[in-house]
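These notes are about the structure you will find just below.
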Amino acid sequence: MTGPGGLPRYEITTPLAEAHIYLHGAHVAQFAPAGESPVLFMSAQSWFRPGKPIRGGVPVIFPWFGPRQGDASAPAHGFARTRSWAAESISQQPDGAVTVTLRLEPDEETRALWGEPNDWVLRHRITVGAALTMELEIENRGGMPFRCEEALHTYFAVSDVQNVAVHGLKNTEYYDKADGMQRKRQGNDAIRFTAETDRTYVNTAAACVIDDPGLRRRIVIEKAASDSTIVWNPWIAKAKAMQDFGDDEWPRMVCVETGNVADNALEIGPGARHVTKTTVRCEAR
Ligand code: TA6
């Protein structure tokens with residue numbers, strides 16, 4: 001199948017759920033459990049073009065998060081989200097869920113950006129069932145250890161971000177990108193949104209819950225081998241500044257991202273693998 005821009009995609013429909021997965025960026029663009037409205041947000045202005053990131057769903061971030069330190073010309077959030085990945089396998093689980101595995105290997109362009117001695121393979125194993133499970137595997141095929149960051153930059157669909165709360169990060173330290181990257185500590189309360197919010201929580205393995213009264217649901221985000229959680233809403237001005245995002249779309253999305261960034265950047269030894277696992281499911285409120 002192909003989607004907008006002619007980009008090849010898997011269209012998965014089972015009694016449990018529906019999903020769209022692009023080879024471009026190994027990007028989960030749509031996920032809806034049976035009987036539930038879409039869980040992932042997708043901008044109506046998103047590009048679907050080779051070399052461009054998709055604005056919504058689950059961008060895969062590797063090997064650096066945000067701007068690259070010391071190289072302002074490097075693409076934000078690394079290169080994995082704009083590459084075309086290879087299909088490795090597709091299988092059905094006994095419960096009817098479908099698992100798709102996509103793989104990315106270095107090429108001339110990625111080597112120019114992040115080359116010798118780094119040699120690696122990335123796999124994104126995506127299981128579409130009543131829950132959405134995403135396993136991002138980084139394998140170091142080289143002879144030297146390498147340091148990298150990674151994240152699943154998930155955009156969740158919400159009724160109105162001004163009325164939702166994100167639970168799970170109380171008393172956790174974070175870098176506030178909307179306030180000069182100052183290091184702060186979350187209080188005892190859930191996160192609520194009243195302005196641009198861009199926070200990198202570190203040293204946290206906790207599950208998060210997006211509580212959405214408008215859609216009468218909670219989105220539960222569990223994770224393993226991930227010590228960072230990033231929470232983002234661009235609000236009004238940033239929304240206007242993004243070409244591939246509608247000016248009035250900001251109330252209908254919130255990013256709760258799972259990964260290993262900043263203080264939690266990974267050091268992966270020769271021959272070693274690191275697998276981060278994220279599971280997203282909905283429950284009635
Ligand atoms: O994850 C939050 C963040 O790093 C924000 O700072 C914001 O820039 C967002 O990602 C989107 O980044 P992008 O490169 O996709 O425009």
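Skip the ligands, DNA and RNA, and give the accessible area per residue of the stretch 172-263 with a 1.4 Å probe, whole Å².
Values: 3980 Å² over 92 residues.
Spelled out: the 1.4 Å probe surface of the stretch 172-263, per residue, equals 43 Å².
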Rounded if a/c is under 1.5, else prolate if a/b beats b/c, else oblate: with a ≥ b ≥ c from the C-alpha gyration tensor eigenvalues square-rooted, which is the stretch 53-191? oblate
For the stretch 1-102, the fraction of alpha-carbon pairs in successive 10 Å shells from zero, as %: 14, 43, 31, 10, 2
Residue among 190, 106, 144 farthest towards the positive dipole end of the chain, charges placed on Cβ: 190
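Could you work out [θ]222 nm for the chain from helices alone, using -39500 (n - 2.57) per DSSP H run of at least four and dividing by all its residues? Round to the nearest 500 deg cm²/dmol.
Details: 2 runs with 13 residues, N = 285.
Computed ellipticity for the chain at 222 nm equals -1000 deg cm²/dmol.
Length gain on complete extension for the stretch residue 111 to residue 184, per 0.36 nm per residue less the alpha carbon to alpha carbon distance? Let's see the in-between values first.
On the way: separation 73, 0.36 × 73 = 26.28 nm, distance 3.63 nm.
Here the answer is 22.7 nm.
Mind ranking 240, 277 by accessible surface for me, highest first, 1.4 Å probe? Don't jump to the answer; show the numbers that get you there.
On the way: 240 125, 277 85 Å².
Result of the area sort, largest leading: 240, 277.
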Probe 1.4 Å - accessible area at residue 154, Å² to nearest ten: 0 Å²
What is the chain's relative contact order, in percent, from Cα pairs under 8 angstrom and six or more apart in sequence? 18 percent
Accessible area, probe 1.4 Å, largest first, for residues 228, 159: 159, 228
Virtual spin-label span in nm between residue 273 and residue 206, 7 Å along Cα→Cβ: 3.1 nm
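How large is the Kirkwood hydrodynamic radius of the stretch 130-234, in angstrom, based on all distinct alpha carbon pairs?
Details: mean 1/r = 0.0653 Å⁻¹.
By the Kirkwood definition, the hydrodynamic radius is 15.3 Å.
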Points 7 angstrom from Cα along the Cβ direction at residue 237 and residue 34: gap in nanometres? 4.8 nm
Under a 1.4 Å probe, what is the accessible area of the stretch 60-127 per residue, stated in Å²? 47 Å²
Rg to Rh ratio, the chain, alpha-carbon atoms and Kirkwood radius? 0.94
Say the dipole of the stretch 203-285 comes from +1 at the beta carbon of Lys and Arg and -1 at that of Asp and Glu; which of 271, 215, 253 then lies farthest toward its positive end? 215
Which length gain, in nm to one decimal place, applies between residue 285 and residue 248 when the Cα-Cα distance is subtracted from 0.36 nm times their residue separation? 10.7 nm
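Quick one: ranking 139, 283, 108 by accessible area, 1.4 Å probe, largest first, what do you get? Show your work: numbers first, answer last.
Numbers: 139 30, 283 65, 108 160 Å².
Listed by decreasing accessible area, they come as 108, 283, 139.
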Roughly how much of residue 89 is accessible, in Å² to the nearest 10, using a 1.4 Å probe? 50 Å²
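The values are calculated or read from the model by the stated rules, or taken from the named source; none is laboratory data. Keep in mind the model is a prediction, meaning the values are calculated, not measured. In this analysis, Cβ positions are derived from the backbone assuming ideal geometry, glycine residues included, and neighbour counts consider all displayed protein chains. Heads up: the accessible areas ignore ligands, DNA and RNA and are worked out on the full protein's heavy atoms, side chains in. Shrake-Rupley method; radii C 1.70, N 1.55, O 1.52, S 1.80 Å.
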